[in-house]
Amino acid sequence: MSRRTGARIVGAYEHPDRVITGKSVEQVHAEVALGALADAGLGLEDVDGYCCSGDAPGLGPISMAQYLGLSRLTFVDSLEIGGSSPVAQLGHAAAAIAAGKCRVVLITLAGLPRSGAFRPIWAAPEAPFETVYGPTTPAMYALAARRHMHEYGTTAEQLAEIKVAASLHAQHNPNAFLRRPVTVEEVLESPWVSEPLHRLDCCVVTDGGGAIVVAAPEVAKDLGRRSPVLLGHGEALKHGSDGRLDLTYTAAVRSGPTAFEEAGVTVADVDYASIYDSFTITVLITLEDLGFAERGKGGWFVADGGLLAPHGRLPVNTDGGGLCNNHPASRGGMTKIIEAVRQLRGEAHPAVQVPNCEIALVHGTGGSLGSRMASVTAILGVEE
Amino acid sequence: MVEPRTLPAPAPTLTPETEPFWTAAAEGRLLLKRCLACAAVIWYPRSHCPLCGSRETEWFTGSGHGTVYSFTVNHKGEGAYRGAPYVLAYVELVEGPRVLTNIVDVDPAAVTVGMAVQAVFAPTGEGTALVRFAPRREPGGHRTD
Ligand SMILES: [Zn+2]
């Protein structure tokens, strides 16, 4: 791969110390990162790919990108295969460069086993400035919802419409955790979790899981099964490493355009969308970020059955989504892919199958809309 | 008016990089980091500047004044925060950063986006203090809310 891409190692830096006191693990990561960039004659602003492994504190690249100040990432990798990780990541970086996903990949490794880490290795650098104030997952999303309401006049009723659409889809899914259709009033009358989010603005908590198999086209053609093809893919982080976090948008403002450009399609071409729905607000803001709705008009977009299959403005989460069907391991990405595959195969429930579904969008959200997060957009098409 | 609850004050985990922030808070000062190369005010505090990559940064004492950028009345606290609803918020400091915090000494129902607030310090009992915010008091002692 590296021969094909011509990917080179342009900078390298080994920390000069062998006993380090008075520094944190993340601080040593920063020192080697800045050292390697200086060696290359590059700066933080040049880096668009980042790899770290289990020695990096926090939520992998999401924490480290904020800490280091990497704000242009279009490729991240945090695999954990022990000491061989950076060698594997060298290959992943070369492949990503070959695929046109990024141009400059930074790989860091650092630890303090001799001096003793000053705290558990999994403790994120940002954690002391947040966890002491009682930030629960719903509360952090509520902060995003409140700000969106403040800036754009988005209403609790509009957020509730997203749950209503999910429930109307879920009634057709015999495996859905919540199958009973609900009304806007029921959502608004459900107990507060974190104002302005009610209990029914939240996804379900379910056990379970899912898996997919990705294969080369020559393998796929021998299998006799309709195999949706990945047309475009984009990933991005958002973390406000400048300390001025804007809660009214997500990293989808970057992952979306990357995926659309690679696929050569536009929002008008999308027949079905699986949109990550940890909370109702997650869907609304993501629809704006991806360009399905104008900024601030997400509330209008989701109202009046806008997300309903088969004839809404954009049929979304026809399995009932994380809001009603399934959110296994508290991670909704896999189920989002699976329902898009069903739609492209024409195997969704007949009541929610989108006619002639040829282009499907899958959007995943990781981390929190209220702090640091990752957005990944995939655009799938029916096989030729 | 709902009587605001007394919130827990768990001690933050200290690192050599951030310890000055927390010990200054115990003395009633909100310390911030500034980049000597590009003048950015850095949040959360760290040794290098995440905007320009410089390792030349310095501490300075912030005003402790800001406004509420967003907030939630959280009814489902976890751990030490389990119990009566409390306010989690981002406060935009006049120096620029938006910091996660609690709004205290006020009825949660009276908190609004844009409300003027000032830092108050909650001792952890371990030589550090949390930085929370309360409605700003005018020099005459009247609140602006
Ligand atoms: Zn700087």
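The values are calculated or read from the model by the stated rules, or taken from the named source; none is laboratory data. Everything numeric here is computed off the predicted structure, so don't read it as measured data. Don't worry about glycine lacking a Cβ; one is built from the backbone with ideal geometry, like all the others, and counts go over all protein chains shown. Accessible surface areas use protein heavy atoms only, side chains included; no ligands, DNA or RNA. Shrake-Rupley method; radii C 1.70, N 1.55, O 1.52, S 1.80 Å.
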Inset, instruction - Multiply the residue separation of A:Ala12 and A:Val229 by 0.36 nm, subtract the distance between their alpha-carbon atoms, and state the gained length in nm to one decimal. - result: 74.3 nm
Inset, instruction - For A:Lys297, A:Lys101, A:Lys238, A:Lys221, write out the residues from largest to smallest accessible area, computed with a 1.4 angstrom probe and no ligands counted. - result: A:Lys221, A:Lys297, A:Lys101, A:Lys238
Inset, instruction - Mind counting lysine pairs for me in the protein assembly as shown? Cα separation below 19 Å, and the two need to be 8 or more apart along the chain or on different chains. - result: 4
Legend entry - Computed over the range A:137-265, Kirkwood Rh from alpha-carbon pairs, angstrom: 18.2 Å
Legend entry - Solvent-accessible area per residue for the range A:250-384 (1.4 angstrom probe, square angstrom): 33 Å²
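Within the range B:19-135, what whole-number % of the accessible surface is contributed by carbon and sulfur, with the 1.4 Å probe and all protein chains included in the calculation?
Ligands and nucleic acids excluded, carbon and sulfur give 49 percent.
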Inset, instruction - At 4 °C and 1.567 mPa s, grab the translational diffusion coefficient of the range B:1-62 from Stokes-Einstein with a Kirkwood Rh over Cα pairs, rounded to a whole number in µm² per second. - result: 98 µm²/s
Legend entry - Solvent-accessible area of B:Thr101 with every protein chain in place, 1.4 Å probe, in Å² to the nearest 10: 0 Å²
Inset, instruction - Give the calculated FRET efficiency between A:Ala216 and A:Leu90 to the nearest 0.05, with a Förster radius of 30 Å applied to their Cβ-Cβ distance. - result: 0.80
Legend entry - ³J(HN,Hα), Karplus 6.51/-1.76/1.60, whole Hz, each residue of the range A:62-74, x for Gly, Pro: 5, 6, 5, 5, 5, 4, 6, x, 9, 10, 10, 5, 10
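How much length is gained on full extension from A:Thr183 to A:Asp246, taking 0.36 nm per residue of separation minus their Cα-Cα distance? Write out the running numbers ahead of the final one.
Working: separation 63, 0.36 × 63 = 22.68 nm, distance 3.14 nm.
My answer for the length gained is 19.5 nm.
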Inset, instruction - Provide a whole-number value for the mean count of partner chain Cβ atoms within 10 Å of the Cβ atoms in peptide B:50-58. - result: 5
Inset, instruction - Would you please give the FRET efficiency between A:Arg345 and B:Cys52, computed as 1/(1 + (r/R0)^6) with r the Cβ-Cβ distance and R0 = 45 Å, to the nearest 0.05? - result: 0.35
Inset, instruction - Evaluate the charge dipole of the protein assembly as shown about its Cα centre and quote only its size in Debye, nearest 20, assuming +1 on the Cβ of each Lys and Arg and -1 on the Cβ of each Asp and Glu. - result: 500 debye
Inset, instruction - Compute the accessible area per residue over the range A:102-233, keeping the other protein chains in place, probe 1.4 Å, unit Å². - result: 51 Å²
Inset, instruction - Let me know the Rg and Dmax you get for the range A:1-147 when you use only its Cα atoms, in Å. - result: 16.5, 51
Inset, instruction - Work out how far the C-alpha atoms of the range A:208-264 reach from end to end along every principal axis, then list the three figures in whole Å, largest first. - result: 52, 35, 16
Inset, instruction - Could you work out, for the range B:19-135, what percent of all Cα-Cα pairs fall into each 5 Å distance bin, beginning at 0 Å and stopping at the bin that holds the largest distance? - result: 2, 12, 19, 20, 19, 15, 8, 4, 1, 0
Legend entry - Cα long-axis angle, helix A:156-170 against chain A (0 to 90 degrees, to the nearest 10): 80 degrees
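Counting only protein heavy atoms and a 1.4 Å probe, tell me what percentage of the range A:309-384's accessible area is made up of carbon and sulfur.
Using a 1.4 Å probe with all protein chains present, the range A:309-384 comes out at 51 percent carbon and sulfur.
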Inset, instruction - May I ask you to compute the full-extension gain from A:Glu157 to A:Arg199, defined as 0.36 nm times their residue separation minus their alpha-carbon distance, rounded to one decimal in nm? - result: 13.7 nm
Inset, instruction - Alpha carbons only, please: Rg and Dmax for the protein assembly as shown, in angstrom. - result: 23.9, 82
Legend entry - Charge dipole of the range B:19-135 about the Cα centre (unit charges at C-beta), most positive-ward option of B:His48, B:Thr23, B:Thr112: B:His48
Inset, instruction - With a 10 Å radius around each residue's Cβ, average the other Cβ atoms per peptide and rank B:103-113, A:314-324, A:253-263, highest first. - result: A:314-324, A:253-263, B:103-113
Inset, instruction - Kindly tabulate the residues in the range B:76-125 with an accessible-area decrease of at least 40 Å² between the chain alone and the assembly of all protein chains, using a probe of 1.4 Å. - result: B:Lys76, B:Leu88, B:Tyr90, B:Arg98, B:Leu100, B:Val113
